[in-house]
Amino acid sequence: MPAPQPQPLQPGDFYYTPEGYLVFTEQYHLRRGSCCGSGCRHCPWKFRPKAGTQGASEQK
């Protein structure tokens, strides 16, 4: 079975913060279909890294 091909971004899949960071929306994550485990701001699966670990969204 061939690997799934990434889909192009759709309107509403992301936005930029005032600091210039790209943030994926819940719409994007639902279309993606699975949780990446990074603690994303708009995770529809409400994943949060365990206390004492540092996820991508917690880095300074």
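The values are calculated or read from the model by the stated rules, or taken from the named source; none is laboratory data. Keep in mind it's a predicted model, so treat the numbers as computed, not measured. Quick reminder, even Gly has a Cβ in these numbers, built from the backbone with ideal geometry, and neighbours come from all protein chains shown. Just the protein is used for accessible areas: all its heavy atoms, side chains included, with ligands, DNA and RNA removed. Shrake-Rupley method; radii C 1.70, N 1.55, O 1.52, S 1.80 Å.
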**Item:** Any pair with Cβ under 7 angstrom, 6 or more apart, that starts in the range 3-24 at a residue that is open to solvent by less than 100 Å² (accessible area, probe 1.4 Å) and modelled with pLDDT of 95 or more and ends at one that is aromatic (Phe, Trp, Tyr) and part of a loop (DSSP other than H, G, I, E, B)
**Value:** none
**Message:** What pairs come out if I take residues in the range 29-41 that are among the hydrophobic types (A, V, I, L, M, F, W, C) and pair them with residues that are part of a loop (DSSP other than H, G, I, E, B) and open to solvent by 40 Å² or more (accessible area, probe 1.4 Å) whose C-beta lies under 7 Å away, six or more apart or interchain?
**Reply:** Cys35/Trp45; Cys35/Phe47
**Prompt:** Is it the case that some residue within the range 27-44 is touching an Asp or Glu at 6+ places or on another chain (Cβ under 8 Å), part of a loop (DSSP other than H, G, I, E, B) and either modelled with pLDDT under 90 or open to solvent by 90 Å² or more (accessible area, probe 1.4 Å) (or both)?
**Reply:** yes
**Single unsatisfied condition, Glu58 versus (1) modelled with pLDDT of 90 or more; (2) out of contact with any strand residue (DSSP E or B) (no Cβ under 9 Å at 6 or more places or on another chain)** = (1)
